[in-house]
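Rule-based calculations on the coordinates, nothing more; no lab input. Just so it is clear, the structure is predicted and the values come from calculations on it, not from any experiment. Neighbour counts are summed over all protein chains in view; Cβ atoms, including those assigned to glycine, are modelled from backbone coordinates with ideal geometry.
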Amino acid sequence: MRRILAALFLALAVAPALSSCAAKIPERTVPNITSPVGMSRSVGRPNAGRLENGVQLRSFPGAVVVNPDQCWATDETAALLAVAIEETRRAFPDAHDLVLGDISHREGGPIAPHRSHQSGRDIDLGFYYLGKPPGRMFIPATTANFDVERTWYLIETMLLTERVQYIFIDNSVQRLLYEHVREIYPPQRLEAWFQYPRGPRAKAIIRHVPGHRDHLHVRFKCSEGDDGCAE
């Protein structure tokens, strides 16, 4: 619990530096966040690895954890997630709680039904919706229910930390996000972030993976100094 509070304290401490109005998205900046405690280790690869001294995430203001037993993370993953959610709540106080799915088992390793999520750096997040979604579940995003503004704010906050390796989202949802920001960012930035609309071979952080129409899968980079971690 002490380490979770440390991550949340970090989020509250840096959030004022992130604030800006939605109309000035390109001016948003975030601090260079590193592990606030430094006890955890992500060992090996996301699909063949383990977690040492991870921190367990439980529900906190702005987020609801589906299964705490499968919600163990590295210290940096917990801190980055706390910053992103807290900053989104500051920008949109009426945003509903975000559903947090699986990260890893306490000691990492295989976790059904995932092929990755083994080393504390992968996390499944629900989307924000137009209206409060029922229960603790992922819901397919449509043009009628998807809150593109709040969801993009969350994603953008994580992207601007420069600590995200990949974000996996279905192309149908990528399209909604891309159309939301295509007039704001230059083409070079959009190409670096979005695989859509160029196709599955395009190199980008946000990539299409089937089965991600009802949630997004974030993979953070290895923490600095975590020598046993492999991307």
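From a point 7 Å beyond the Cα of MET137 in the direction of its Cβ, which residues of the stretch 187-231 have a backbone N at a distance under 19 Å?
Backbone N within reach: 211-216.
Hey, rough spin-label estimate for GLU107 and ALA202, points 7 angstrom out along Cα→Cβ, what's it come to in nanometres?
4.3
Can you check what the net charge comes to around GLU231, using other residues whose Cβ is under 12 Å from the Cβ of GLU231 (Lys, Arg +1; Asp, Glu -1)? Before the final figure, lay out the partial values.
Details: positive: ARG45, ARG121, ARG163, ARG219, LYS221; negative: ASP122, ASP226.
Charge balance in the 12 Å sphere: +3.
Restricting everything to alpha-carbon atoms, can you work out Rg to Rh for the stretch 86-231 with a Kirkwood hydrodynamic radius?
Working: Rg = 15.3 Å, Rh = 16.0 Å.
Reported Rg/Rh, Kirkwood definition of Rh: 0.95.
Working out 0.36 nm times the residue gap between PHE92 and ARG182, then minus their Cα-Cα distance, what length gain in nm do you get to one decimal? Before the final figure, lay out each step's value.
Numbers: separation 90, 0.36 × 90 = 32.40 nm, distance 2.16 nm.
Roughly 30.2 nm would be gained on extension.
How large is the dipole of the stretch 73-223 about the Cα centre if only Lys and Arg carry +1 and Asp and Glu carry -1, each at its Cβ, rounded to the nearest 20 debye?
My answer is approximately 460 debye.
Along each of its three principal axes, how wide is the spread of alpha-carbon positions in the stretch 57-167, in whole angstrom units, largest first?
Sorted from largest, the Cα extents of the stretch 57-167 read 37, 29, 24 Å.
Set the Förster distance to 41 Å, then compute FRET efficiency between GLU149 and ASN53 from the Cβ-Cβ distance, nearest 0.05. Don't jump to the answer; show the numbers that get you there.
Numbers: r = 37 Å, r/R0 = 0.91.
After rounding to 0.05, the efficiency reads 0.65.
Using only the Cα atoms of the stretch 127-178, what are the Rg and Dmax in Å?
11.6, 33
Given H placed on each backbone N at 1.01 Å, which residues far from VAL209 in sequence or on other chains put an amide H within less than 5 Å of it?
Correct list: ILE169, ASP170, ASN171.
Whose amide H sits under 5 Å from the amide H of SER40, counting only residues 5 or more places off or on another chain, with H placed in the peptide plane?
Result for SER40 returns ASP75.
Across 5 Å bins from the origin, how do the percents of Cα pairs in the stretch 75-135 run, short distances first?
Bins of 5 Å from zero give 4, 16, 23, 20, 16, 13, 7, 1 percent of pairs.
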